[in-house]
Amino acid sequence: MAAVAVEHGSEEVEHQAEASGHAHPPTNTGISNDKVAMWAFLGSECLLFGALISTFFLYRSRAPLGTVKPHDVYDIPFTSVSSFILLMSSLTMVLALSAFNRADSRRAMVWLSATALLGATFLGGQIYEFTVFIREGMTMKTNPASSAFYVLTGFHGTHVGIGVLMLLALVILIRKGRLTPERAETIEIAGLYWHFVDVVWVVVFTVVYLLPL
Amino acid sequence: MTTTEHGPAGHADAPDAAHDAAHDHPTEKKYWIIALILGVITAFEVALTYLDLGDAVAPMLLMGMVAKFFIVASYFMHLKFDARVTRRLFISGLSLALFCYLGVFMMFRQLGPRSDRQDINLIETGVPQR
């Protein structure tokens with residue numbers, strides 16, 4: 001009897017969803033398992049980046065006298081521009097999702113490409129910054145502070161790189177007609193990852209670059 | 001958008017209002033305004049580092065950071081409009097990380113007075129202070 005009621009409930013939900021123009025998956029939570037998995041993954045990523053940021057915070061002054069510390073070599077105006085670029089990539093990401101929800105695949109591709117381009121620009125800036133720091137004498141092995149700095153920002157950069165590849169894959173899938181507006185949730189899930197990378201940088205930029213020792 | 005808190009019968013853990021709210025995402029114009037606000041906060045934060053405001057700089061920077069974090073999470077990640085389960089998942093991870101690493105900071109005396117901080121003593125003297 002209870003099973004029949006549950007089954008009936010599922011059909012009712014699907015019917016309501018179809019009527020409202022949205023395809024709700026018949027899961028217990030009402031949202032797709034893919035999306036729940038992405039949120040659970042992002043929750044676990046908070047712990048990963050929390051560990052890296054805390055480590056940097058603890059070690060940021062641990063440098064023998066005479067060695068170059070991260071705070072000695074920062075170029076705040078340059079990193080501020082990079083941060084602004086990454087923030088704006090979150091805007092282009094939501095605009096891509098919004099366009100795809102309106103079944104405007106062409107505009108969605110434009111915004112997704114813009115997001116990937118902004119992400120790649122941020123990555124390029126980070127690589128340039130690393131080369132300058134190394135030239136100024138701060139390598140991975142210089143002191144605990146520099147190690148913590150490179151591990152934290154390097155991990156974040158890797159996440160941005162993965163995100164850029166994900167965005168380019170989405171553009172190709174849309175272009176080939178293998179990703180249609182009915183499956184807009186795929187873009188939404190990739191967007192969640194991208195925005196998370198952005199919020200992590202919001203914290204990294206303040207804690208690592210701006211906070212005084 | 002495929003977000004709702006409606007579940008099958010027997011799992012109705014959300015009111016109808018939540019369903020409506022789940023689809024009430026900001027318009028594109030609002031997204032541009034939100035991005036503008038984020039840009040202004042970032043510019044304000046950077047300007048703060050060039051001003052000589054003493055001990056007031058750190059709390060102001062942290063406030064700006066928290067504001068930007070919640071604006072991106074609420075509006076761009078749609079946490080404000082999405083199903084409750086997504087909020088619970090994300091906030092669980094975030095709270096766990098905050099409590100865990102605040103404990104670490106307290107253990108390493110990072111939250112005490114400046115004179116008591118091991119890292120400051122180390123940078124000023126070159127050797128760890130006991």
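The values are calculated or read from the model by the stated rules, or taken from the named source; none is laboratory data. Since the model is a prediction, treat every value here as computed from it, not as a measurement. Cβ: placed from backbone, ideal geometry, glycine included. Neighbour counts: every protein chain shown.
Values as computed for the structure displayed
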| item | result |
| --- | --- |
| Options A:V160, A:V164, A:V171, A:V200: the member that is free of Cβ contacts under 8 Å to residues at least 60 places away in the same chain, among the β-branched types (V, I, T) and closer than 30 Å to A:N101 by Cβ | A:V164 |
| Complete set of residues in the range A:63-88 that are at the interface with another protein chain (Cβ under 10 Å from one of its Cβ atoms), within 29 Å of B:R109 (Cα to Cα) and touching a Lys or Arg at 6+ places or on another chain (Cβ under 9 Å) | A:A63, A:K69, A:H71 |
| Selection count, the range A:185-200, where residues are surrounded by fewer than 24 Cβ atoms within 10 Å (Cβ to Cβ), over 11 Å from the mean Cα position of the chain (by Cα) and facing chain B (nearest Cβ under 9 Å) | 1 |
| A:A37 in contact (Cβ under 8 Å) with a residue 60 or more places away in the chain, more than 7 Å from every other protein chain (Cβ to nearest Cβ) and not in a loop (DSSP other than H, G, I, E, B) | no |
| Condition broken by A:S90, with the remaining ones in (1) free of Cβ contacts under 8 Å to residues at least 12 places away in the same chain; (2) in contact with a His (Cβ under 7 Å, 6 or more places away or on another chain) satisfied | (1) |
| Odd one out for B:L38 among (1) outside any loop (DSSP other than H, G, I, E, B); (2) at pLDDT below 95 | (2) |
| Among the candidates B:L61, B:L79, residue that is assigned to a helix (DSSP H, G or I) and within 14 Å of the chain's Cα centre (by Cα) | B:L61 |
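Listed here are the residues, each with its yes/no results for (1) under 16 Å from the mean Cα position of the chain (by Cα); (2) surrounded by 16 or more Cβ atoms within 10 Å (Cβ to Cβ).
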position: A:W39; (1), (2): yes, yes
position: A:P70; (1), (2): no, yes
position: A:P77; (1), (2): no, no
position: A:M88; (1), (2): yes, yes
